[in-house]
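Asker: Below is the structure I would like to discuss, written out as structure tokens.
We did not get these values from a lab; they are worked out from the coordinates using the rules stated. Owing to the predicted nature of the structure, the values given are computational and were not obtained by experimental measurement. We place every Cβ from the backbone using ideal geometry, glycine too, and count neighbours over all the protein chains shown.
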Amino acid sequence: MLLSKKPTKQRLAIAERASHPFGRRKQVMAHLSSSLSSRLGLRSLGVREGDTVKVVKGEHAGQSGRVRAVLPSLGRLEVVGITEKSTKGETVYPRISVSYVEITRLNLSDKWRKQIIKRKTGKEVSSEVVREVATTEQSPENAQPSETASAQSQETEGIKPSGEEVSKDGK
């Protein structure tokens with residue numbers, strides 16, 4: 001919480017917060033893709049290793065890949081699939097700012113991440129939900145049929161398209 005209107009004090013407060021381990025974690029959050037965001041009801045989420053991200057700004061805009069490493073102290077990521085040649089001729093992973101990417105697919109192998117999503121949205125999330133969203137994004141011409149399929153699969157998973165829980169009897 002920033003209390004001052006002075007930019008210098010705001011920058012110092014951000015730097016102080018970033019020195020704390022939990023504050024650093026807050027600095028490594030990225031927006032979710034539009035379909036994933038609408039499906040989960042979240043705007044952003046912390047980036048983790050194994051997530052698939054798409055670079056939307058900067059030198060590598062349009063490229064995507066799996067997150068190889070998260071560097072919270074720098075607020076940057078290393079992405080598999082985006083490489084550069086170093087001056088020595090070696091292949092290196094450029095460090096991309098978190099603000100330049102959006103998450104297109106979540107890594108749900110961590111039970112804590114599922115709990116974070118459940119706490120924020122009140123909905124259970126499964127890997128099938130995320131996998132379905134990822135396939136919808138890859139084939140935009142087939143978006144209409146998969147949306148109806150996603151609504152049906154959502155009801156079978158215990159979530160109505162409106163985000164409400166479905167009871168055992170289907171009402």
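Asker: Taking amide H atoms as placed 1.01 Å from N in the peptide plane, list the residues 5 or more away in sequence, or in a different chain, whose amide H sits under 5 Å from that of Thr83.
Answerer: Placed amide hydrogens put nothing under 5 Å from Thr83.
Asker: So what's the net charge close to Arg113: Lys and Arg +1, Asp and Glu -1, counting the other residues with Cβ under 10 Å from its Cβ? Spell out each step's value before the answer.
Answerer: On the way: positive: Arg48, Lys111, Lys114, Lys118; negative: Asp51, Asp110.
Net local charge, Arg113 excluded: +2.
Asker: Asp51: net charge of surrounding residues, Cβ under 9 Å, Lys/Arg +1, Asp/Glu -1, itself excluded?
Answerer: On the way: positive: Arg48, Arg66, Arg105; negative: Glu49.
Once positives and negatives cancel, what remains is +2.
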